[in-house]
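Here the structure is laid out as structure tokens; the discussion comes afterwards.
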Ligand code: HAS
Ligand code: HEM
Ligand code: CU
């Protein structure tokens, strides 16, 4: 093995122990809140999997006592997993990483204020959700109408994430001023680019909720235009998937080579990838609306092409991280075209979690390209295929990576130890296997025409009598059981770890797992490559990103407003 001369980055030392402890504490609060949400959200999943397995548990007394309907459960599942778990985890992770990577001090009062505000928003939205006054699913499409308390809580929660954006960008700008001519270190670069992308992406949702839904639900305006709301929703709704997955990319690029024993291939390439995401994540949302009226086919086609374009940085990631893994395996004596894979540390959960998450994402990404193709879309839109797609993207690529991160991050933050590596490893593998089986069953059911978001177990006999759905139904039901077992194991490890005794400060025993680099970006802009110099001015690129969104969405939304049609709200469940 030829080892690189470019050693792994050392975390800059923070000498103020009280400050470091407080920074770690607020991060820990974010992460633990995230996993508490996931814990509740995930428990509902198997019930839904049984539904898609043709088994209706919603009429049993226990479930009837807990959930008013299938849709109350599905709303809680979608909101807690996809919106709350992700946002809290990312807010903690992508506040902590750049603060440590840049070695900058942040205002801890502001950091705590943001955490508390986000949590207040969450708890506010939870009240109508739990009392069946916001059974709207996680997309809350009008004219389905919920309690104003839900929209206000959601706005406060999502709005708080913009305070994290402000704090991180401001920290990075202070670093730039203090270090003129320097290249931003990689992890901080990726974190800042992700937050900037989210700021552009979240505008659609913020406009929808603050200016349309809250006034409407309070009765200040007579009605709502469902299509305007839905279009603003998907402005944010597609790009939010990159907000969910880019923190996983950060771990795949920066930390996975370390867990595997390999090196990052190229820092300039990673920077290019993140700039592509910053520029191109948002102006693609119309691929969720191919079936919607009053949006011209021209705009839908433009968004389709931009969607294909945004697959490119993911493909760059795939090949580049695969090269890091091969580098690691060959350094351990791996041989052959594929045989080297056997030399990877498959029994180590901090490694297996992100890698299995990536394997699931190969299939999830391929399915995404199918969804995006306007000729295929009518076959799978609104069918069980779609939950099949997103449980191997957000449900595995993101979630399993975050679970893997927690296994080194919690020891790092708290100085506690993982209680059982074998149990954690079993949880990781069963999550992967369960989700692969789930995806197979759900994609297959979708192709047969089974709709998503339906209590099909109550109607399956009559509607699907002539269709061969027994095998995919059986797969889906079995996957629900595997995933339940996996979740129990994972949360046992997590809670045991959190409740155990603190051993040390975690700085030495579980450091931030930086990796060695084959082609670094360099330290000074003066001698750096053109690509490094092009990617460094993130503020200007942020402006370009905003401009692109306005160009690609402005005319579409203007036409919708010109033809606005207000309708009254509905309460269905
Ligand atoms: Fe998607 C619907 C298109 C990515 C999540 N998506 C959804 C929904 C969710 C979601 C939640 O165009 C449902 C929304 C709803 O409720 O209605 N999606 C795409 C495309 C991509 C994509 C083109 N989706 C994601 C990600 C998500 C996510 C990421 C969450 C985290 N999606 C769609 C479309 C719809 C949609 C349509 C609407 C469908 C409809 O009709 O309603 C792309 O970004 C995917 C690019 C990815 C790749 C894969 C790269 C692979 C990598 C791993 C490599 C592995 C290695 C490991 C190296 C090209 C990076 C090797 C291992 C060794 C051992 C060596
Ligand atoms: C929906 C099962 C974990 C996010 C669903 C559906 C099923 C399911 C069967 C489709 C329901 C329908 O369309 O009627 C499971 C199981 C899980 C699990 C068995 C693991 C134990 C997760 C995770 C996430 C997630 C970890 C994200 C982090 C979602 C979302 C929906 C959904 C966003 C869509 C809700 C909607 O259509 O409004 N889940 N899930 N799930 N799941 Fe999961
Ligand atoms: Cu999308």
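Every number in this text was worked out from the coordinates using simple rules, so none of it is lab data. In this text the structure is predicted, and so the values were computed from the model without any measurement. Cβ sites come from the backbone with ideal geometry, for glycine too, and all protein chains shown count toward neighbours.
Before moving on, here are some points about what is shown:
- Percent of C-alpha pairs per 5 Å bin in region 16-93, short distances first: 3, 16, 19, 17, 13, 10, 8, 6, 4, 3, 2, 0.
- Dividing the alpha-carbon radius of gyration of region 88-179 by the rule-of-thumb value 2.2 N^0.38 Å gives 1.34.
- Multiplying the residue separation of residue 297 and residue 25 by 0.36 nm and removing their Cα-Cα distance gives an extension gain of 92.9 nm.
- Relative to its Kirkwood radius, the Cα radius of gyration of region 472-573 gives an Rg/Rh of 1.21.
- Nearest-ten-degree value, helix 421-448 long axis tilted from longest Cα axis of the chain: 40 degrees
- Computed [θ] at 222 nm, helices only, for the chain once each DSSP H run of length n ≥ 4 contributes -39500 (n - 2.57): -21500 deg cm²/dmol
- Additional length obtainable on full extension of the chain from residue 60 to residue 366, 0.36 nm per residue less Cα span: 106.3 nm
- Spatially, region 421-435 and region 330-392 are offset by 16 Å when compared through their Cα centroids.
- Calculated SAXS-style log₁₀ I(q)/I(0) at q = 0.11, 0.15, 0.16 Å⁻¹ - region 248-405, Debye, Cα scatterers: -0.51, -0.85, -0.93
- Percentage relative contact order, region 374-477, counting C-alpha pairs under 8 Å, at least six apart: 43 percent
- Rg over Rh for the chain works out to 0.95, using Cα positions for both radii and the Kirkwood form for Rh.
- Shown here are the Rg and Dmax of the Cα trace of region 230-300, at 16.4, 53 Å.
- Mean projected area (nm²) of the alpha-carbon convex hull when region 170-258 is viewed from all directions: 8.0 nm²
- Modelled label reach - residue 565, point 7 Å along Cα→Cβ, region 134-166 residues with backbone N closer than 20 Å: 141-145
- A simple spin-label model places the labels of residue 18 and residue 220 4.3 nm from each other, with each point 7 Å out along Cα-to-Cβ.
- FRET efficiency estimate (nearest 0.05) - Cβ-Cβ, residue 177 to residue 421, R0 41 angstrom: 0.40
- Reducing region 493-550 and region 1-59 to their Cα centroids gives an inter-centroid distance of 17 Å.
- With N counted as the residues of region 354-422, its alpha-carbon radius of gyration over 2.2 N^0.38 Å works out to 1.49.
- Region 1-139: relative contact order in percent, alpha carbon pairs under 8 Å with at least 6 residues between: 38 percent
- Kirkwood estimate for region 488-536, i.e. one over the average of 1/r between Cα atoms, Å: 15.1 Å
- Crossing angle, helix 470-499 versus the chain [Cα axis fit, 0-90 degrees, rounded to tens]: 50 degrees
- For region 290-346, a/c is not less than 1.5, where a ≥ b ≥ c are the root eigenvalues of the C-alpha gyration tensor, and a/b tops b/c. That puts it in the prolate class.
- Alpha-carbon Rg/Rh ratio, for region 388-516, with Rh computed the Kirkwood way: 1.15
- Two-site label geometry, residue 332 and residue 123: point separation in nm, points 7 Å out along Cα→Cβ: 4.6 nm
- For the chain, the longest principal axis of the Cα atoms and the long axis of helix 226-250 meet at an angle of about 30 degrees.
- At q = 0.18, 0.24, 0.27 Å⁻¹ the log10 of I(q)/I(0) for region 331-387 amounts to -0.73, -0.94, -1.07, computed by Debye summation with a single uniform scatterer per C-alpha, solvent ignored.
- Average Cα contact separation per residue, the chain, under 8 Å, 6 or more apart, as relative contact order %: 22 percent
- By the count of neighbouring beta-carbon atoms within 10 Å, fewest first, 305, 351 end up ordered 305, 351.
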